[in-house]
Amino acid sequence: MEQVRADGFDEFAAARWSTLLHVARLLTGGDRQRAEDLVQEALVKLWFAWPKIADQAPEAYVRTVLVRLAARSARRRWWGERPVDQLPDRAGPVDVSSAVAERSRLEGALAQLSPKQRAAVVLRYYEDLPEAQVAQALGCPVGTARSHASRGVARLRQILSDAVRPVG
């Protein structure tokens, strides 16, 4: 049974890990640790469903699981961490390129969206999925998914334009 289940799963997980991690980072608003946890949990769920899903659409299945896990995680009030005022170690000055700064700015803006809006924007515009697949992943009607994406993009535009508006 284990060999049947493992056929193709290892290759799929290895090949899709970085893409899934990037999608999860966008869904969590840039939190890499939460994103890694989400991808690992999604792959565990995929492992158990692999015999049924392997020949169909494992990518769509794991993407739907990621979106649902991210939404559930966002509703949680506590993840087992306690924020502190002072960091134990501070990194020295680092030369940050404009691409990294822009990506961080976008991740920060995404983090300000609601979980449903963030998921709709990421799936629709980053993953370039059609509206029907976005709706299926979110578990809502197409019109609702379209509305979440539209409102999310409008909010992103507002957040990003406010960030570059000169003071004074």
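Table: residues versus (1) outside any helix (DSSP H, G or I); (2) in contact with a strand residue (DSSP E or B) (Cβ under 8 Å, 6 or more places away or on another chain); (3) free of Cβ contacts under 8 Å to residues at least 24 places away in the same chain; (4) within 20 Å of Ala74 (Cα to Cα).
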| position | (1), (2), (3), (4) |
| --- | --- |
| Glu102 | no, no, yes, no |
| Leu110 | no, no, no, yes |
| Leu113 | yes, no, no, yes |
| Arg118 | no, no, no, yes |
| Ala137 | no, no, no, yes |
| His148 | no, no, no, yes |
| Gly152 | no, no, no, yes |
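With (1) under 25 Å from Gly139 (Cα atoms); (2) assigned to a helix (DSSP H, G or I); (3) modelled with pLDDT under 85; (4) open to solvent by 40 Å² or more (accessible area, probe 1.4 Å) as the list, and Ser73 as the residue in question, which single condition is left unmet?
(4)
Would you check if Ala154 is modelled with pLDDT of 85 or more and either more than 26 Å from Leu46 (Cα to Cα) or loosely packed, with under 12 Cβ neighbours inside 10 Å (or both)?
yes
Name every residue in the range 125-151 that is hydrophobic (A, V, I, L, M, F, W, C) and open to solvent by less than 50 Å² (accessible area, probe 1.4 Å), in order of residue number.
Selection gives Leu129, Val134, Ala135, Ala137, Leu138, Cys140, Ala145, Ala149.
Considering only residues that are under 18 Å from Leu113 (Cα atoms) and not hydroxyl-bearing (Ser, Thr, Tyr), which ones fall in the range 123-136?
Matches in the range 123-136: Leu123, Arg124, Glu127, Val134, Ala135.
Can you name the residue in the range 31-49 that is among the small types (Gly, Ala, Ser) and within 12 Å of the chain's Cα centre (by Cα) and, of all such residues, is nearest to Glu59 (Cα to Cα)?
Only one residue tops the list, namely Ala42.
Output the residue which, of all residues in the range 5-32 that are more than 22 Å from Leu123 (Cβ to Cβ) and assigned to a helix (DSSP H, G or I), is most open to solvent (accessible area, probe 1.4 Å).
Once the filter is applied, the top-ranked residue is Glu11.
Is one or more of the residues making up the range 85-108 under 23 Å from Thr19 (Cα atoms), open to solvent by 60 Å² or more (accessible area, probe 1.4 Å) and at pLDDT 90 or above?
No, the range 85-108 contains no residue that is under 23 Å from Thr19 (Cα atoms), open to solvent by 60 Å² or more (accessible area, probe 1.4 Å) and at pLDDT 90 or above.
Kindly provide the set of residues from the range 18-64 that are among the charged types (D, E, K, R) and either out of contact with any Ser or Thr (no Cβ under 7 Å at 6 or more places or on another chain) or within 19 Å of Gln136 (Cα to Cα) (or both), ordered by number.
Arg25, Asp31, Arg32, Glu36, Asp37, Glu41, Lys45, Lys52, Asp55, Glu59, Arg63
The values are calculated or read from the model by the stated rules, or taken from the named source; none is laboratory data. This structure is a prediction, so every number in the text was calculated from the model and none was measured. All Cβ positions, glycine included, derive from the backbone under ideal geometry; neighbour counts span all protein chains shown. The accessibility values were calculated without ligands, DNA or RNA, using every heavy atom of the protein model including side chains. Shrake-Rupley method; radii C 1.70, N 1.55, O 1.52, S 1.80 Å.
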